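All remarks here apply to the structure that follows.
A short reminder: the numbers here are calculations on the coordinates, not readings from a lab. Note that the coordinates shown come from a computational prediction; the quantities given were computed from them, not determined experimentally. Here Cβ is always computed from backbone atoms with ideal geometry, including for glycine, and neighbour counts include all displayed protein chains.
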Amino acid sequence: MKLTGSIAALVTPFDQGKVDDKALSELVEWHIAEGTAALAVGATTGESPSLTVQERFDLLSLAVRVARGRLPIIAGLSSNSTREAILLATSAREAGADAILHATGFYNKPTQSQLIGHFKELDAVSELPILLYNIPSRTGIELSVDTVATLAGLPRVQGIKDSTGNVSRVTEERLRITKPFSFLSGDDATALGYLAHGGMGSISVTANLVPRRYAEFIRAAREGDFLRARELNDRMMALHRALFLEPNPAGIKYALSRQGLCRNELRLPMTPVPDAVQEQIDRAMQALLAG
């Protein structure tokens with residue numbers, strides 16, 4: 001599997017503390033209709049730290065059932081425990097996911113060689129393609145270019161979501177990795193630069209709200225029409241910024257609630273964005289949707 005294009009990092013909708021199955025099903029159908037290439041379910045934007053193992057399994061299973069093979073479902077299964085990572089990967093396969101997205105290293109802060117050892121163990125047992133997730137702002141540990149190149153030699157490691165914001169990394173990694181590999185941005189504000197350096201798509205927060213527009217942006221960049229891609233990115237930039245004024249996914253949950261797509265409900269310790277941030281998100285949404 002080579003994942004490309006506009007991939008939405010899907011929110012997990014809640015209703016009075018429970019996963020809202022109806023809202024989730026409607027979101028999956030909407031993304032399919034709007035041209036989203038794949039969905040990452042239960043990842044950072046899906047509030048994975050607040051989900052139980054059973055909820056993760058049920059969430060994935062529902063998304064897979066609703067999608068019915070019309071787009072890939074990527075399971076967000078990060079863990080700083082190798083043993084738990086293996087169990088979660090097995091669970092993802094049983095739920096019917098098409099790939100797993102995995103970050104590790106938070107709190108226990110392993111060395112680069114220990115990170116390699118962790119992913120080798122996961123690769124040895126996973127029956128699904130693995131996307132590395134490089135997000136040092138959350139894990140406290142960055143996967144170095146050398147480490148990514150080494151891990152790309154593992155059979156199941158087939159791509160990376162890069163949330164470092166360093167767009168030059170994709171060029172360095174492309175020059176080191178010779179097999180088919182999915183290079184995906186994980187940072188909306190710098191996705192245009194990442195694509196210009198050879199990226200193949202983006203796992204996006206903003207795509208939750210404007211999936212058709214975001215898919216057009218990715219398509220324009222991949223076809224080499226960077227004037228059009230820049231124009232689209234310029235229109236979305238205020239929204240990219242506003243959605244991250246508070247820790248993700250508080251901003252995107254509020255924005256989706258304003259469109260009637262889910263409730264503005266998060267699990268503690270996450271809370272809804274304050275009024276001042278709501279106003280900035282509203283202004284960015286109004287400007288974008290009016291354009």
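Some points to look at:
- Between the range 226-274 and the range 118-162, the alpha-carbon centres lie 27 Å apart.
- In order through the range 98-108: 3J(HN,Hα) via Karplus (6.51 cos²θ - 1.76 cosθ + 1.60), integer Hz, x for Gly, Pro: 9, 6, 10, 10, 9, 10, 8, x, 5, 6, 7
- Sequence-distant residues sharing a close amide H with Leu71 (under 5 Å, placed H): none
- Proximity of backbone amide H atoms, modeled 1.01 Å from N, is registered between Ser204 and Ile7, Ala8, Ala9 at under 5 Å, excluding neighbours fewer than 5 places apart on the same chain.
- Considering helices alone, the calculated mean residue ellipticity of the chain at 222 nm is -14500 deg cm²/dmol, with DSSP H runs of length four and up weighted by -39500 (n - 2.57) and normalised per residue.
- Fraction of beta bridges assigned by DSSP in the chain that are antiparallel (%, nearest 5): 5
- Take 83-90, 128-135 and order them by the average number of nearby Cβ atoms within 10 Å per residue, most first; the result is 128-135, 83-90.
- Pairs from Lys161/Lys253; Lys2/Lys22; Lys2/Lys161; Lys109/Lys253; Lys18/Lys161; Lys2/Lys179 whose Cα-Cα separation, in the structure shown, is over 20 Å: Lys161/Lys253; Lys2/Lys22; Lys109/Lys253; Lys18/Lys161
- Screening the chain for whole DSSP H helices of 15 Å or more along their axis (Cα) with average Kyte-Doolittle hydropathy at least 0.5 returns 53-67.
- Projected label points at Glu216 and Lys2, each 7 Å from Cα along the beta carbon direction, are separated by 2.7 nanometres.
- Label-point gap, in nm, between Ala124 and Glu29 - each point 7 angstrom along Cα→Cβ: 4.5
- Using 0.36 nm per residue and subtracting the Cα-Cα separation, the extra length available between Ser50 and Arg283 on full extension is 80.9 nm.
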